[in-house]
Amino acid sequence: MGNSTPTPDVAASADFEEVQATEQFQKLRKRHRGFVFPMAVAFLLWYFAYVLLADYAVDFMSTKVWGNINVGLIMGLFQFVTTFAITGWYVSYCNRKLDPIAAEIRHGIEGHEFDKAGKRVGGGSK
Amino acid sequence: MISIPTAVDVAALKDTTLLNMGIFALFVAVTMVIVLRASRNNKTAADYYAAGRSFTGSQNGTAIAGDYLSAASFLGITGAIAINGYDGFMYSIGFLVAWLVALLLVAELLRNTGKFTMADVLSFRLKQRPVRIAAAISTLAVCFFYLLAQMAGAGSLISLLLGISDWGGQALVIMVVGALMIMYVLIGGMKGTTWVQIIKAILLIAGAAVMTLWVLAIYGFNLSSLLGAAVETSNNPNVLNPGLQYGKTETSKLDFMSLGLALVLGTAALPHVLMRFYTVPTAKEARKSVVWSIWLIGLFYLFTLVLGYGAAALVGADTIKAAPGGVNSAAPLLAFYLGGPLLLGFISAVAFATILAVVAGLTITAAASFAHDIYASVIAKGKADADTEVKVARRTVVVIGVMAILGGIFANGQNVAFLVALAFAVAASANLPTIIYSLFWRRFTTQGAVWSMYGGLASAIILIVLSPVVSGAKTSMIPGASFAIFPLSNPGIVSIPLAFLLGWLGTVLDKNLEDRSKQAEMEVRSLTGVGAEKAVDH
């Protein structure tokens, strides 16, 4: 290890616009955004709903549910639970839906499948 | 058999000074040996700034937790819960939830598109000079505010933990801590800094876990009885309900919203956190880092809930407020109550190690940004070789270290608690919009980036200057003057939307379009990791 910055860059000769236009890359992009955007919006809304309740619905949050445990504490602890759950969900989504396609595209580029014409590394035509 | 002393004798704390210092000296000795061993093959810029990208996701995740759980989190949140009850707990939730922004939107994409600094990513497909300079300035600003807050907090910690209350003595200890930090960063670079953070995180979380189990054991592992005891000692049932601190007025409620916004959106844009993602070899390891840090940080904040209410129940808010160090003394006093001088010594040493580790992380980030973004790219116009760049970085470390020591000595005793919140607000306003736009918005241009970064930075700082934390109130920095036209002590609720708006406006008004192929390259690299991963053999 020590120096794992790949030099020379294996992707230097690739035509990225061509890669970007492929159906496979568009699928990766769509799957990625289709997960992270709604999820980010959802947890931000849930967090700010919680803060608003704690700010403006003090009586509701102070309602005792069990012993000295009140609604506010349960909702606060539930924020922890949702944070852990979203983390786990994202990791499993990546493993199943994103990483395999990303690796395929990456290997394609590294295998010079998308090289610009005339810039092919190791090509003797120029 | 658990002994339960009737009260905490604060005067007895002074007798433990030597023990505290001894345990801290042991920590320094052990980490120094590890740093020396780890830094033997620090040769290239990637070694110095990014630890040769040789850490695993779990190691880096632990280091991130070590970096993030600053003295302000550990002592501050425990104290806030002990005194203000539920509102202190709410504070910790913002710090945790924020990591989802880093996990979902930033960490992996950033790891795939940059090399050493935040500016690498932001300037990837925009015009190098203006964007790099703006990103470096906001990096330095965030690091400076954060650094000053840590160093200034050291003074109150010293008076509490070492029993040194005179100004000269405290200045001497701040100098020693600062000098140690400079040594770690100079010798060890990112590798050394990371190891200090890993060791500190393990000690901190282990110490907090022991204390948490201890407190729970006293109450028969029944959270409800612990809460009941906290109510009984404080004689105030409202410690369990929201609003004790932030619910006083309509302004303070709005202020909490503003703080929450800054915490949640600022974390994923803190330059010293972002830089940690470059110390791992792949995006997958970067993802694993965030997962680890979310678990560790979440677990730790659950501990602080028990510790805070435990301190409220067993030590009592009045004793805490009267002790040297005030609110910050809740955790150390609870340690003393539970485990006597030995546990107090351990927790004190961990608190010092915390300052050391966090300050080291900030210093190397600021130095890397200066050497890599300003010196190599702007002053030397990309012609500096890596050796010169690292040499500049090392010199910058010394300069920043000396500035941190002086800042710590002169800000000692000042009310600078707002500086951490300001650092988050500046990061969320100046950095996050540009990070998000450049990763996800194809049309985004240089003008948008520059407007957003300078606009976010300036509005956050100006609003703070015009707020009650600087003037117009009894607790202000300048209590005599009164130019506080902005009512909130956290600027986030205004400056963050403003920076997003400026980024959009600057882009749509920009007649120059950016390079299409660079945009394609950034998008493909960010999602696939090509070129940033180790290539497979063909």
Could you please find all residues in segment B:422-446 being buried (at least 22 other Cβ atoms within 10 Å of the Cβ), touching a Ser or Thr at 6+ places or on another chain (Cβ under 8 Å) and farther than 18 Å from B:ALA102 by Cα? B:PHE444, B:THR445
Just checking, which of A:ALA14, A:ALA40 is surrounded by 13 or more Cβ atoms within 10 Å (Cβ to Cβ) and within 7 Å of chain B (Cβ to nearest Cβ)? A:ALA40
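Got at least one residue in segment A:77-88 being closer than 19 Å to B:ALA107 by Cα and either over 19 Å from the mean Cα position of the chain (by Cα) or more than 9 Å from chain B (Cβ to nearest Cβ) (or both)? Show your work before the answer.
Kept after step one, since they are closer than 19 Å to B:ALA107 by Cα, are these residues of segment A:77-88: A:83-88.
After this cut, where a residue has to be either over 19 Å from the mean Cα position of the chain (by Cα) or more than 9 Å from chain B (Cβ to nearest Cβ) (or both) as well, the list is A:85.
Checking segment A:77-88: at least one residue is closer than 19 Å to B:ALA107 by Cα and either over 19 Å from the mean Cα position of the chain (by Cα) or more than 9 Å from chain B (Cβ to nearest Cβ) (or both).
Filter segment B:149-168 down to residues that are of a type outside the set (A, V, I, L, M) and closer than 17 Å to B:LEU69 by Cα, then give me how many there are.
Residues meeting the conditions: 2.
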Residues of segment A:57-72 being more than 7 Å from every other protein chain (Cβ to nearest Cβ) and part of a helix (DSSP H, G or I), in sequence order, are A:ASP59, A:PHE60, A:VAL71
Out of everything in segment B:465-503 that is modelled with pLDDT of 95 or more and surrounded by fewer than 18 Cβ atoms within 10 Å (Cβ to Cβ), what residue ends up being farthest from the chain's Cα centre (by Cα)? B:LEU501
Looking only at segment B:488-499, decide whether some residue is hydroxyl-bearing (Ser, Thr, Tyr) and assigned to a loop (DSSP other than H, G, I, E, B). yes
Which one of these does B:LEU263 not meet: (1) under 28 Å from B:ALA46 (Cα atoms); (2) within 11 Å of chain A (Cβ to nearest Cβ); (3) under 17 Å from the mean Cα position of the chain (by Cα)? (1)
For segment A:29-44, state whether one or more residues are part of a helix (DSSP H, G or I) and either hydroxyl-bearing (Ser, Thr, Tyr) or under 24 Å from B:VAL306 (Cα atoms) (or both). no
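A quick yes/no check of all residues on (1) over 23 Å from B:SER467 (Cα atoms); (2) in contact with an Asp or Glu (Cβ under 8 Å, 6 or more places away or on another chain); (3) in contact (Cβ under 8 Å) with a residue 40 or more places away in the chain:
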position	(1), (2), (3)
B:SER224	yes, no, no
B:GLY228	yes, no, no
B:VAL231	yes, no, no
B:ASN241	yes, no, yes
B:LYS253	no, yes, no
B:ALA262	no, no, yes
B:VAL273	yes, yes, yes
B:THR282	yes, yes, yes
B:SER289	yes, no, yes
Tell me the residue from B:LEU147, B:LEU226, B:LEU254, B:LEU213 that is under 30 Å from B:ALA458 (Cα atoms), in a helix (DSSP H, G or I) and modelled with pLDDT of 90 or more, please. B:LEU254
Lone qualifier among B:ALA135, B:ALA107, B:ALA208 - being in contact (Cβ under 8 Å) with a residue 12 or more places away in the chain, within 30 Å of B:ALA460 (Cα to Cα) and in contact with a Phe, Trp or Tyr (Cβ under 9 Å, 6 or more places away or on another chain): B:ALA107
Could you tell me whether A:ARG106 is basic (Lys, Arg), more than 28 Å from B:LEU265 (Cα to Cα) and facing chain B (nearest Cβ under 9 Å)? yes
Residue within segment B:433-451 that is free of Cβ contacts under 8 Å to residues at least 60 places away in the same chain and under 23 Å from the mean Cα position of the chain (by Cα) present: no
Quick one: which helices (runs of 4 or more DSSP H) lie wholly within segment B:378-446 and hold at least 3 residues that are of a type outside the set (A, V, I, L, M, F, W, C)? B:386-411, B:432-440
Residues of segment B:239-251 being crowded, with 17+ Cβ neighbours inside 10 Å and part of a helix (DSSP H, G or I), which ones? B:VAL239, B:LEU240
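The values are calculated or read from the model by the stated rules, or taken from the named source; none is laboratory data. Remember, it's a predicted structure, so these values are computed and weren't measured experimentally. Every residue, glycine as well, gets a Cβ built from its backbone with ideal geometry; the counts of neighbours run over all protein chains shown.
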